[in-house]
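Take a look at the structure set out below.
The values are calculated or read from the model by the stated rules, or taken from the named source; none is laboratory data. All values reported here derive from a predicted model rather than from experimental measurement. Cβ placement follows ideal geometry from the backbone for every residue including glycine, while neighbour counts extend to all protein chains displayed.
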Amino acid sequence: MSNLPAEQEQNIFPSSEPEKLMYGEREIQEGHLITFPNPRVGRRYEVSISLPEFTCKCPFSGYPDFATLHLTYVPNERVVELKSLKLYINSYRDRYISHEESINQILDDFVGACDPLEVKLVGDFNPRGNVHTCIEVQHERSDSSSQ
């Protein structure tokens, strides 16, 4: 039981009404990948991002799957904004999606948003049932799409 006045408690604890979303749930639901101009176009550099709390659900059993994602990319004209990436990744937590499809879809969406020169994404899924899965996908801009 909380020692807070009723009006403050109401703001802290989730409502029992299913249509009411917490502010974080709304941000995740509304989230999409946001980019900004690369501050060093023409300079080749790598950005490495680790996302250790990726979750999704097995499309067959409904059990949760947990993974650490390792994203490494060489920016072209655009760079991903990190909070938007976090919210986008968190949107997978209630999706029924295979390891393989989740990693491939994330790569496709990232390439669509950033159009990097190169990108590699590794999904290192926690073992479940004595099975450890790593999915690695890559993308490189073709010469015809380079500037």
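Tabulated results
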| item | result |
| --- | --- |
| Of residues in region 94-114 being out of contact with any helix residue (DSSP H, G or I) (no Cβ under 8 Å at 6 or more places or on another chain) and of a type in the set (D, E, K, R), the one modelled with the lowest pLDDT | D94 |
| Among the candidates N90, N126, N130, residue that is of a type outside the set (A, V, I, L, M, F, W, C) and free of Cβ contacts under 8 Å to residues at least 12 places away in the same chain | N130 |
| Residue in region 95-102 that is touching a Lys or Arg at 6+ places or on another chain (Cβ under 9 Å) and either exposed (fewer than 15 other Cβ atoms within 10 Å of the Cβ) or of a type in the set (F, W, Y) (or both) present | yes |
| Residue tally, condition free of Cβ contacts under 8 Å to residues at least 60 places away in the same chain, in contact with a Ser or Thr (Cβ under 9 Å, 6 or more places away or on another chain) and not charged (D, E, K, R), over region 35-58 | 8 |
| Residues of region 31-80 that turn out to be farther than 16 Å from N126 by Cα, of a type in the set (F, W, Y) and touching a Leu at 6+ places or on another chain (Cβ under 9 Å), as a count | 1 |
| Conditions (1) of a type in the set (A, V, I, L, M, F, W, C); (2) in contact (Cβ under 8 Å) with a residue 40 or more places away in the chain; (3) out of contact with any Phe, Trp or Tyr (no Cβ under 7 Å at 6 or more places or on another chain): number failed by L82 | (2) |
| Hits in region 21-43 - residues which are loosely packed, with under 11 Cβ neighbours inside 10 Å and among the basic types (K, R) | R40, R43 |
| Pair list, Cβ < 7 Å and 6+ apart or interchain, from region 59-74 residues that are charged (D, E, K, R) to residues that are modelled with pLDDT of 95 or more | D65/T55; D65/C56; D65/K57; D65/C58; D65/H99; D65/F125 |
| Any hit, region 131-140, residues being of a type in the set (S, T, N, Q), modelled with pLDDT of 95 or more and surrounded by 13 or more Cβ atoms within 10 Å (Cβ to Cβ) | yes |
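The rows are residues; the columns are (1) more than 22 Å from I97 (Cα to Cα); (2) at pLDDT 95 or above; (3) among the β-branched types (V, I, T).
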{"site": "L21", "(1), (2), (3)": "yes, no, no"}
{"site": "E25", "(1), (2), (3)": "no, no, no"}
{"site": "E30", "(1), (2), (3)": "no, no, no"}
{"site": "S50", "(1), (2), (3)": "no, yes, no"}
{"site": "E53", "(1), (2), (3)": "no, yes, no"}
